[in-house]
Amino acid sequence: TRLDAWGKESAALSCLPRPICLAAWKAFIMKYDYDLIVIGAGSGGVRAARMSAGHGARVAVIEGDRPGGTCVIRGCVPKKLLMYGSAFSADAADAAGYGWQVSIDGHDWPQLIAAKNVELDRLESIYRWLLENAGAELIAGWAQLAGPNAVSVGDRVLTAERILIAAGGAPHIPEIPGLAERAITSNEALDLAERPASIVIYGGGYIALEFASIFNGFGVDTHLVYRGDLPLRGFDEDVRSEIATALEGRGITLHPGTVIEKVADAGIGHAISLSNGSVIEAEQIMVATGRAPNTGGLQLDAAGIAVGKRGEIPVNADSATSVPSIFAVGDVTDRINLTPVAIAEGHAFADSIFGGRPRTVSHSNVPSAVFTQPPIGSVGPGEKEARAIHGDVTVYTSKFNAMKNNLSGRSEKTFMKLIVDTASDKVVAAHMIGPDAGEIIQGIGVAVIAGATKADFDATIGIHPTAAEEFVTMRTPRD
Ligand code: NDP
């Protein structure tokens, strides 16, 4: 139809000089400035942009901050670097049982933050290069929708046949007197100029627990305040209680079933009033009570998109919004807020729309890790949810002293759990707390996705001596 129309158009333009005809032709054929505009150069947006460009699309990516997004600049990567750094104190303590005389006094916090920042600069430049190398144009600025096919950035309006919103999320701070003025979030916690002597962390989710482990490992007097009886709501109940015990064993002070009522000034920093009547004085207070999709500044109504009640952009399995030209992936959709999920969604979008290979991403059985000390690895539902889904399940658990602890004297237990659908014998979930849990569960995740049965696990020879072998040697179901 466009060619038919061009026939009529070209007849009308035939009297014009050739360069004008060519410009008019180009403007007509290339109805939009780009085939795709991506809003946000985080994990999901960059993957979608690179793959779409690889499929031949003309792509622009608009980013107001540093390319790399939450994971690379303010999340997974710097968090894990600090986590590595904080783990040396426990390693040093364990080393004594092996004959080492180790002193770990005098940690240089500014040196660590500077080294971390050098690494982030390196990764940011890689992200820039990845986009450039793929042929996608990176445009600096904050984007707003200006219609179903138009985006404004500064005083420019750009058009595209399709728009992908991958704007991520940001920390959400509850309304509590003094909290917003005084608390840091994970963003600032990764960039503190000095290591605090004490910190109160509010929340019982992934971020709260990981940062509690980090600060505790660096010798900071760490308090974790959360409203539930146990942290990590949504995880298997045994995992929740075992991690609470382990974190307490590492020296973190837990305040379960507690909310913060007020934060005020105190000599050393902040006076944090808790619902149980006590007041903690701490140099820092960090809030980690969840994250909200970054939709506030996008002017979504200009394109006719209404957000959901958490501020998320509602999408279907194809990551399509209610507007046919606009798609969204990653945390801004508030499906499963994990980097690899955003990457998978971005890749599937590119393959479906520009690669001629329509596909969707499965959001079930997504393995994840919580990088606490000790870490948690998990794939599949917790026991309660597994019973609700599968009915009759058989549960295997194991709790043991890791071999390394026998000389180090550390009393922390490793915990493992397998949940099996009794009727089919399929392993539907695996959970672990202990050294390398994330690394181990990644492999178990493949088996769960592949539909391995408990008989398959039993037929697998263990690697000895490892903790992971326990996953293939558990034989007696729990009562
Ligand atoms: P989470 O949703 O995991 O946890 C939020 C915590 O804050 C919960 O304990 C929740 O309690 C509590 N909370 C929420 N609102 C309030 C309130 N008004 N008052 C008091 N407490 C409140 O959020 P996070 O910020 O920890 O992490 C966000 C997401 O980022 C995670 O869900 C995860 O998807 C991702 N992430 C993943 C990581 C990884 O893979 N290792 C690491 C870091 C983040 P309750 O449970 O009672 O509602």
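Return the only residue of 50, 122 being assigned to a helix (DSSP H, G or I), touching a residue at least 40 places away in the same chain (Cβ under 8 Å) and basic (Lys, Arg).
50
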Residue tally, condition within 16 Å of the ligand (Cβ to nearest atom), surrounded by fewer than 15 Cβ atoms within 10 Å (Cβ to Cβ) and either modelled with pLDDT under 95 or assigned to a loop (DSSP other than H, G, I, E, B) (or both), over the stretch 259-270: 0
Residues of the stretch 373-408 satisfying the condition of being touching a Pro at 6+ places or on another chain (Cβ under 7 Å), β-branched (Val, Ile, Thr) and in contact (Cβ under 8 Å) with a residue 40 or more places away in the chain: 379, 394, 395
Where a residue in the stretch 90-109 is of a type in the set (Val, Ile, Thr) and its partner, wherever it lies, is surrounded by 10 or more Cβ atoms within 10 Å (Cβ to Cβ), with Cβ under 6 Å and at least six apart: 102/92; 102/95; 104/89; 104/92
Subset of the stretch 85-107 [open to solvent by 70 Å² or more (accessible area, probe 1.4 Å) and in a loop (DSSP other than H, G, I, E, B)]: 100, 101, 102, 103, 104, 105, 106, 107
Residue within the stretch 58-66 that is part of a helix (DSSP H, G or I) and basic (Lys, Arg) present: no
Every residue from the stretch 291-309 that is open to solvent by 40 Å² or more (accessible area, probe 1.4 Å) and either within 21 Å of residue 351 (Cα to Cα) or within 16 Å of the ligand (Cβ to nearest atom) (or both): 291, 294, 309
Residue match in the stretch 241-258 (condition: in a strand (DSSP E or B), modelled with pLDDT of 95 or more, within 14 Å of the ligand (Cβ to nearest atom) and within 29 Å of the chain's Cα centre (by Cα)): yes
Residue list for the stretch 153-171, restricted to those being farther than 18 Å from residue 73 by Cβ and touching a residue at least 60 places away in the same chain (Cβ under 8 Å): 153, 158, 159, 160, 161, 162, 163, 164, 165
Residues within the stretch 193-230 that are open to solvent by less than 20 Å² (accessible area, probe 1.4 Å) and either of a type in the set (A, V, I, L, M, F, W, C) or more than 12 Å from the ligand (Cβ to nearest atom) (or both), tallied: 17
Filter result for the condition that a residue is among the aliphatic types (A, V, I, L, M), under 24 Å from residue 294 (Cβ atoms), over 26 Å from the mean Cα position of the chain (by Cα) and more than 16 Å from the ligand (Cβ to nearest atom), over 93, 146: 146
Sole residue being within 16 Å of the ligand (Cβ to nearest atom), loosely packed, with under 14 Cβ neighbours inside 10 Å, over 26 Å from residue 341 (Cβ atoms) and of a type outside the set (Gly, Ala, Ser), chosen from 110, 177: 177
Residue count for the stretch 46-84, restricted to those that are away from the ligand (no atom under 16 Å from the Cβ) and open to solvent by 20 Å² or more (accessible area, probe 1.4 Å): 11
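The values are calculated or read from the model by the stated rules, or taken from the named source; none is laboratory data. Not measured: the values here are computed from a predicted model. Every residue, glycine as well, gets a Cβ built from its backbone with ideal geometry; the counts of neighbours run over all protein chains shown. The protein model used for the area step is the full one, side chains on, heavy atoms only, and it has no ligands, DNA or RNA in it. Shrake-Rupley method; radii C 1.70, N 1.55, O 1.52, S 1.80 Å.
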